[in-house]
């Protein structure tokens, strides 16, 4: 048991140690836990620039947890995720359910969102990433966006459950198409 307090690892996993000084527990009770859990098992593998996390779920699909507390499944696998990220850099902007009425409307919507987003990014870097993954960045968007929406709606839904201070539980609100 002493190893938990003297070693920089737990089991075989290395952990970072941050010295914060002496701590006094007046009640003699130490209780620690994450304030939230997820409805499906998985692990975080990447973060985006706004603090959101991409999670590889045990079934191989990809979940996303935003820094605002939203959660949802994005893709059925890594190939679909990379295709979405390269083709729809700001995929958050492609969540208007009304635009998914038919393939033609969806394609026009996706192309419009892509044009707006390309104004704000380094297109040469995007092309390098696209080439590295073997993904054509300017292919049709409707099939990619249709797979995205289908993944977000697959049951069971990927959600976050917040454990409130009073012991109650609050489900996260949906991330996409709400």
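This table checks each residue for (1) at pLDDT below 70; (2) in contact with a helix residue (DSSP H, G or I) (Cβ under 6 Å, 6 or more places away or on another chain); (3) closer than 25 Å to residue 165 by Cα.
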site	(1), (2), (3)
11	yes, no, no
14	no, no, no
26	yes, no, yes
35	no, no, yes
40	no, no, yes
50	no, no, no
56	no, no, no
60	no, no, no
- In region 124-178, the residues that are in a helix (DSSP H, G or I) and closer than 21 Å to residue 39 by Cα: 148, 149, 150, 151, 152, 153
- Query: Considering region 73-108 alone, what residues qualify as being over 19 Å from residue 135 (Cβ atoms) and in contact with a strand residue (DSSP E or B) (Cβ under 6 Å, 6 or more places away or on another chain)?
  - Reply: 73
- Task: Just name the residue that is surrounded by the most Cβ atoms within 10 Å (Cβ to Cβ) out of those in region 92-110 that are part of a helix (DSSP H, G or I) and at pLDDT below 90.
- Result: 94
- Query: So, of the residues in region 139-155 that are touching a helix residue (DSSP H, G or I) at 6+ places or on another chain (Cβ under 6 Å) and surrounded by 20 or more Cβ atoms within 10 Å (Cβ to Cβ), which turns out to be nearest to residue 43 (Cα to Cα)?
  - Reply: 148
- Residues in region 156-165 that are closer than 12 Å to residue 61 by Cβ and either buried (at least 20 other Cβ atoms within 10 Å of the Cβ) or over 17 Å from the mean Cα position of the chain (by Cα) (or both) total 1
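The values are calculated or read from the model by the stated rules, or taken from the named source; none is laboratory data. What you see is a predicted model; the values in this text were computed from it and never measured. All Cβ positions, glycine included, derive from the backbone under ideal geometry; neighbour counts span all protein chains shown.
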